[in-house]
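The values are calculated or read from the model by the stated rules, or taken from the named source; none is laboratory data. Here the structure is a predicted model, which means the values were calculated and not measured. So basically every Cβ, Gly included, is an ideal-geometry build from the backbone, and we count neighbours across all protein chains shown. Calculation scope for accessible area: heavy atoms of the full protein, side chains included, ligands and nucleic acids excluded. Shrake-Rupley method; radii C 1.70, N 1.55, O 1.52, S 1.80 Å.
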Amino acid sequence: MKNELFPALRHYLEASNFENITPERLSLLEPVIAFGREALAAERSLVLNCICTHNSRRSHLTQVWAQAAADYCGIPLTAYSGGTEATALYPAILETLHAAGIQYQTLATGENPIYALRTGPNTPPILGFSKIYEHPFNPQSDFIALMTCSSADEGCPIVLGAKARFPLRYSDPKIADGTPEQAAVYAERCRQIATEMMYVMIQIQTQIL
């Protein structure tokens, strides 16, 4: 059963153009789709842990868009994120997600703020804050690890507790920080990840209908 999403978010997801996914990227997504289909066919819910080095940008984008796409498709999935070290969720990520239709509120301030991000009026909040991937808040076993940066992918050949590990490796929008191109670069990475997660969830959903 599909969840009710915020209208702006639903429009953003439905505007995904799968023709923009290159053959190289499709080859990375196909194993994720296959694993998701197998899990749901066995009536197991999906748990993701999206991992990058600092858990500040790409891992959060992947977590939020995986959850949003799953909510759109009605797939039983819970997405988390973590890093090999903790820093803070970068503010430009929040701004970019908000522009795409994600709503959020600040739960705690400080060096590593905590945010509640929502995909719809009645969906559970996604708690956004930076943490190592083994943090007690995150799943400790039976999860799928999505490696969202090359550093974490190379530095963590084994993710303890993961029943599957898939490298996705997105380019870091950090390269545009403080430049006139910052907003455009973050929006581009946001759109890429949203499109790929939407593609993954729709392909999983199509198989199980």
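Going by the conditions given, is Arg37 of a type in the set (D, E, K, R) and part of a loop (DSSP other than H, G, I, E, B)? Give the derivation first.
Details: of a type in the set (D, E, K, R): yes; part of a loop (DSSP other than H, G, I, E, B): no.
Answer is no for this residue.
Tell me, please, whether a residue that is in contact with an Asp or Glu (Cβ under 8 Å, 6 or more places away or on another chain), at pLDDT below 95 and not small (Gly, Ala, Ser) can be found in the stretch 40-53.
We begin by selecting, within the stretch 40-53, every residue in contact with an Asp or Glu (Cβ under 8 Å, 6 or more places away or on another chain); these are 47, 53.
Add one more test, that the residue is at pLDDT below 95, and what stays is 53.
Applying the additional criterion that residues be not small (Gly, Ala, Ser) yields 53.
For the stretch 40-53, residues in contact with an Asp or Glu (Cβ under 8 Å, 6 or more places away or on another chain), at pLDDT below 95 and not small (Gly, Ala, Ser): present.
Could you please tell me which pairs satisfy a Cβ distance under 8 Å, a separation of 6+ or placement on different chains, a first residue in the stretch 4-22 that is over 14 Å from Thr123 (Cβ atoms) and touching a residue at least 40 places away in the same chain (Cβ under 8 Å), and a second residue that is outside any loop (DSSP other than H, G, I, E, B) and open to solvent by 70 Å² or more (accessible area, probe 1.4 Å)?
Listed by first residue and then by second, the contacts come to nothing, as the list is empty.
Has the stretch 196-205 got at least one residue that is charged (D, E, K, R) and within 13 Å of the chain's Cα centre (by Cα)? It would help to see each step written out before you state the result.
Initially, the stretch 196-205 is screened for residues charged (D, E, K, R), giving 196.
Among the residues that remain, those that are also within 13 Å of the chain's Cα centre (by Cα) are: 196.
Checked the stretch 196-205: at least one residue is charged (D, E, K, R) and within 13 Å of the chain's Cα centre (by Cα).
Criterion first (among the basic types (Lys, Arg), modelled with pLDDT of 95 or more and buried (at least 19 other Cβ atoms within 10 Å of the Cβ)) does Arg25 satisfy it? Show your work before the answer.
Values: among the basic types (Lys, Arg): yes; modelled with pLDDT of 95 or more: yes; buried (at least 19 other Cβ atoms within 10 Å of the Cβ): no.
In short, no.
Which pairs turn up if I take residues in the stretch 33-49 that are over 25 Å from Leu61 (Cβ atoms) and look for partners that are open to solvent by 70 Å² or more (accessible area, probe 1.4 Å) and part of a helix (DSSP H, G or I) with beta carbon separation below 9 Å, at least 6 apart in sequence or on another chain?
So the pair list comes out as Ala41/Gln207; Ala41/Ile208; Arg44/Glu38.
When you look at Pro157, is it farther than 23 Å from Pro31 by Cβ and surrounded by fewer than 18 Cβ atoms within 10 Å (Cβ to Cβ), yes or no? Outline the logic, then answer.
Values: farther than 23 Å from Pro31 by Cβ: no; surrounded by fewer than 18 Cβ atoms within 10 Å (Cβ to Cβ): yes.
Answer is no for this residue.
I'm trying to understand the selection: among the residues of the stretch 160-209, which are touching a helix residue (DSSP H, G or I) at 6+ places or on another chain (Cβ under 7 Å), under 30 Å from Glu38 (Cα atoms), open to solvent by less than 40 Å² (accessible area, probe 1.4 Å) and hydrophobic (A, V, I, L, M, F, W, C)?
Within the stretch 160-209, Ala164, Phe166, Leu168, Cys190, Ile193, Ala194, Met197, Met198, Val200, Met201, Ile204 meet the criteria.
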